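Novice: Pasting a structure here, questions to come.
Throughout, read-outs are computed from the coordinates displayed, never taken from laboratory work. Quick caveat: nothing in here was measured; it's all calculated off a predicted structure. Here the Cβ positions follow ideal geometry from the backbone for every residue, glycine too, while neighbour counts run over all protein chains shown.
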């Protein structure tokens, strides 16, 4: 395992959820929080696989609860690291739920009222850059997948063995470096880059 570059340290988190897969039909929430650098060297700060204490009525609900759990720990780690380094530290959270990614980045309205508070809290944190960036990744690249269920993709074990987190994001938002207010964010239109498109084709959503 390689030594991390202290000048480019940042927090990175991966989230996943299994909807209603437990014997009591509760959902399993998993996430992993990493300390990483620009060379994709990483060490695990924390990981968890726990049963959801809230009733998830949909896959989106389970993904939202998993994301909220990951953000709570990652944000605390971010604040502590900023005090130690005396500088701003970025926080990137990646999910394999395209539906959740679209809800946050495109401000879609949802029918489930019980999710609106959690989703608005994530949108506000994303708007003021508490979450520096949000990315969508495929299941084979999600380090948290192996914690929720038996998977043929051994990315979690590979991460532990090699200390490398060089998994490719499929989609992410091109953001302005300056923070904006949540009300201004809700009226703006973000740019989302899709790896499946050509490099010159950036769609405005």
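Novice: Describe numerically, in nm with one decimal, the distance between label points set 7 Å from Cα along Cα→Cβ at residue 25 and at residue 3.
Specialist: Using points 7 Å along Cα→Cβ, the separation is 5.5 nm.
Novice: Another question about this same structure. From zero outward in steps of 10 Å, how is the percent of C-alpha pairs of segment 1-150 spread across the bins?
Specialist: In order of increasing distance, the bins hold 11, 42, 34, 12, 1 percent.
Novice: Spin-label point model (7 Å from Cα, Cβ direction): what's the residue 160 to residue 102 distance in nm?
Specialist: About 3.5 nm separates the two model spin labels.
Novice: Please give the contour-minus-distance gain from residue 130 to residue 110: 0.36 nm per residue of separation, less the Cα-Cα distance, rounded to one decimal in nm.
Specialist: Working: separation 20, 0.36 × 20 = 7.20 nm, distance 2.31 nm.
That pair, residue 130 and residue 110, stretches by 4.9 nm at full extension.
Novice: Also: Could you work out how far apart the two model spin labels at residue 80 and residue 59 are, taking each label as a point 7 Å from the Cα in the direction of the beta carbon, and quote it in nm?
Specialist: About 3.4 nm, to one decimal.
Novice: For segment 1-50 and segment 115-149, what is the separation of their Cα centres, given in Å?
Specialist: If we compute the Cα centre of each part, the gap is 11 Å.
Novice: Gain in length, residue 87 to residue 48, computed as 0.36 nm per residue apart minus the alpha-carbon separation, to one decimal in nm?
Specialist: 11.3 nm
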